Amino acid sequence: MNKTQLRRYAKLLAKTGINVKKGQWVIVQAELDQPEFVETVVEELYRAGAGKVTVEWSHGPLANIHYKYQTQESLAEIPKWEIEKWELKKKELPAMLYLESSDPDGLKGIDQNKFTAVRSARGKVIKPYRDAMDNYYQWCIAAVPGKAWAKKVFPHLSVNQAVEKLWEVILAASRADGSDPIREWSRHNDEIAKRCDYLNRLGLVSLEYHSKNGTDFKVGLIEGSTFMGGGEESLKGRYFNANIPSEEIFISPKAGEAEGIVYSAKPLSYQGELIENFSIRFEGGKVVEVKAEKNVDLLEKMIGMDEGAKMLGECALIAYDSPINNTKILFYNTLFDENASCHLALGKGFGNCVRGYENLTQYELKAKGINDSMIHVDFMIGSKDLEITGITKTGDRVRIFKEGNWAF
């Protein structure tokens, strides 16, 4: 891949992704797949003004080894030094850049019961720190190609060819394949903001979804909530883009108000396995039944993580005729697949979708209807014939999506 283009991508992540402020501490989390690009992005972070950059390396295959040989109790234990690190993060609020490159099959064969139990135990301890930091710092999830991921997406190519091809589609999907990605993202954010403004002026109280695949679903919205997308502003006043790429406009629905059934439009890659051709049925706002042609037990474990895992935390709107969906590629990676077409998410909602959220406690946000959970798992429901209708306070029906795409 052209080094000049990768430098532009790195600059995009530093300046538009997390928008690092002068003197700020930045933590980069990356696997061992693209060390040269990590060097480039670290340099661009410093050039953008970072005072200190820390790189936290990981290696996916080690997880299988740890889970094979360690006890559940040992894996779930959070040592004192790790708690102290979370305390420091809560105090310093470093910007976070997550470079995703993991093998979609990396956790295949792992003891799922053990994995779920460990994740649940650790999540209960770490969650209060995450909640305390939520909305106060900038973060961005982006992607670089790992060899195993590239071969999964392009199995007919050699490893080197697959990595090169995956670089091409990552940069294209991330609007980072041109001469000025930062300018392209400014335009993209402006376009998303205009759609958000229109939706927010409607004063919607619910959304209805219908598709020929069987989706027949209605979800309630929180009074005073807003549609968001593209860039957002932290409570410290810093504008950033949490996801690169991102095509979505999203809102957190009202927990406890969801009725009907939704059918998946794409497989869900979860914990190293694919959940395929599945449906989820809601009653009284909660999941009451799941079905799947493959890995239904994993889907059941997911919604059993905690009480909030059975309720929705996000409704995201993305045109079926989106740049990512038009590639006709299944990425086996939620960052890309969720931006291909409309999706929902089970689990934690976004408090910043509520107007005045900065003056509300977590308890007050939950009382308004923001769902709370240790998980947030997106699954795709957008089809080429999906119809979405918004219902206003006065009962007016407004067509939002027609035949899978925006109706306005």
>> Residues of region 242-263 with the amide nitrogen closer than 12 Å to a label point 7 Å from the Cα of residue 194, along Cα-to-Cβ, please.
In response: none
> For residue 68, which lysines qualify as cross-link partners when the Cα separation must be under 21 Å and same-chain residues fewer than eight apart are set aside?
Replying inline: 108, 114, 301
>> Applying a 10 Å radius around every beta-carbon, put 145-154, 320-329, 84-93 in order of their mean neighbour count, most first.
In response: 145-154, 320-329, 84-93
>> Run the numbers for residue 183 and residue 55: contour at 0.36 nm per residue of separation, minus the present Cα-Cα distance, in nm.
In response: 43.3 nm
>> Using a Debye calculation, one point per C-alpha and no hydration shell, please list log10 I(q)/I(0) for region 138-296 at q = 0.18, 0.19 Å⁻¹ in order.
In response: -1.25, -1.25
> Using modelled amide H (1.01 Å from N, peptide plane; none on Pro or chain starts), what sits under 5 Å from the amide H of residue 285, excluding residues fewer than 5 places away?
Replying inline: 258
> Each residue of region 311-328 in order: what ³J(HN,Hα) in whole Hz does its phi give by Karplus 6.51 cos²θ - 1.76 cosθ + 1.60, θ = phi - 60°, with x for Gly and Pro?
Replying inline: 10, 8, x, 7, 10, 10, 10, 9, 4, 4, 8, 9, x, 6, 5, 5, 6, 6
> For the chain, what is the accessible area per residue in Å², given a 1.4 Å probe and the full set of protein chains?
Replying inline: 45
> Got a sec to turn the phi values of region 71-80 into Karplus ³J(HN,Hα) couplings, 6.51 cos²θ - 1.76 cosθ + 1.60 with θ = phi - 60°, whole Hz, x for Gly and Pro?
Replying inline: 6, 4, 5, 5, 5, 7, 5, 10, x, 4
> Can you list, bin by bin at 20 Å, the percent of alpha carbon pairs in the chain, starting at 0?
Replying inline: 26, 63, 11
>> Can you classify region 296-382 as rounded, prolate or oblate using the Cα gyration tensor, where a ≥ b ≥ c are the square roots of its eigenvalues, rounded means a/c under 1.5, and otherwise it's prolate if a/b beats b/c and oblate if not?
In response: oblate
> So who's got an amide H within less than 5 Å of the one on residue 400, skipping anything under 5 residues away but keeping other chains? H placed 1.01 Å off N, in plane.
Replying inline: 388, 389, 390
>> Under a crude label model (7 Å from the Cα following the beta-carbon direction), how far is residue 363 from residue 65 in nanometres?
In response: 4.6
>> Could you work out what % of the accessible surface of the chain is carbon and sulfur, using a 1.4 angstrom probe and leaving DNA, RNA and ligands out of the count?
In response: 48
> If you project the alpha carbons of region 6-123 onto the principal axes, what extent comes out on each, in Å, largest first?
Replying inline: 44, 32, 17
> How would you order 264-273, 130-139 from highest to lowest mean count of nearby Cβ atoms within 10 Å?
Replying inline: 264-273, 130-139
>> So for the chain, averaging the separation of alpha carbon pairs under 8 Å that are six or more residues apart and normalising by length, what relative contact order in percent results?
In response: 15
> Of the peptides 371-378, 183-190, how do they stack up when ordered by the mean number of other Cβ atoms within 10 Å, highest first?
Replying inline: 371-378, 183-190
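The values are calculated or read from the model by the stated rules, or taken from the named source; none is laboratory data. Quick caveat, the model's predicted, so the values are computed rather than measured. Counting neighbours? That spans all protein chains shown, and the Cβs are built from the backbone with ideal geometry, glycine included. These accessible areas exclude ligands, DNA and RNA; they are computed on the full protein's heavy atoms, side chains included. Shrake-Rupley method; radii C 1.70, N 1.55, O 1.52, S 1.80 Å.
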